[in-house]
1. In 10 Å bins starting at 0, how do the alpha-carbon pair distances of the chain split up by percent?
2. Mind ranking 87-95, 103-111, 2-10 by how tightly packed they are, going by the mean number of other C-beta atoms within 10 angstrom, highest first?
3. For the range 43-49, take each phi angle, set θ = phi - 60°, evaluate the Karplus expression 6.51 cos²θ - 1.76 cosθ + 1.60, and give the result in whole Hz per residue in order, putting x for glycine and proline.
4. Non-local amide H neighbours of Ile126 (under 5 Å, H modeled in plane, Pro and chain starts lacking H): which ones?
5. Pop out the ³J(HN,Hα) list for the range 91-103 in order, Karplus 6.51 cos²θ - 1.76 cosθ + 1.60 with θ = phi - 60°, rounded to Hz; leave Gly and Pro as x.
6. Taking θ as phi - 60°, what are the ³J(HN,Hα) couplings along the range 55-62 by the Karplus curve (6.51, -1.76, 1.60), each to the nearest whole Hz, with x for Gly and Pro?
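Each value in this text was obtained by applying a stated rule to the coordinates, not by laboratory testing. All figures in this text were calculated on a predicted structure; none of them were measured in a lab. Reconstructed Cβ throughout: ideal geometry from the backbone, glycine too, with neighbour counts over all protein chains shown.
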Amino acid sequence: MPIDACLVDTNILLSIPKLSDPNHLTVDNAIAKLATHSTTHYYTRRNIAGFSNSTTRPLSRNGFGLTVQDADREIALIEFGMELLPDGAVVYREWRRMVVQYGVSGVQVHGGRLAAAMYTHGISHILTLNGPDFSRFE
């Protein structure tokens, strides 16, 4: 069954430009398959902030070691091929509700923000390498 829309998790975005990533081929194939079904790929401001953080962080600190300009070129490619989900007060309120309802804490609150954006905008699928992080959400 074709998927009309999916949110692309930050870990997927990070696997796309890094050819040495062990998940790169799997991610590339998944995106290509979804594209053949005209699936709209979405990202959020939170994704881009996480992407920028990881790609510009030094290699010695588990980052990609890209310059700001190189990371910006990668972000431009994401923006070209995907759609930005609006993120405002409605998503924020939903995130607050979900964090409390599902007992989300620590680093998992970032995934909660993505889940809240999905819920707010009626997107039922996420392309991620961390399915268990999102399984708690309805």
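1. Calculated over all Cα pairs of the chain, the distribution is 11, 41, 36, 12, 0 percent.
2. Ranked from most to least packed, the peptides come out as 2-10, 87-95, 103-111.
3. Residue by residue, the range 43-49 yields 9, 10, 4, 4, 4, 5, 5 Hz.
4. Leu7
5. Going residue by residue, I get 5, 4, 5, 5, 4, 4, 4, 5, 4, 6, 4, 9, x Hz, with x marking Gly and Pro.
6. After applying 6.51 cos²θ - 1.76 cosθ + 1.60, I find 6, 9, 6, x, 4, 5, 10, 6 Hz.
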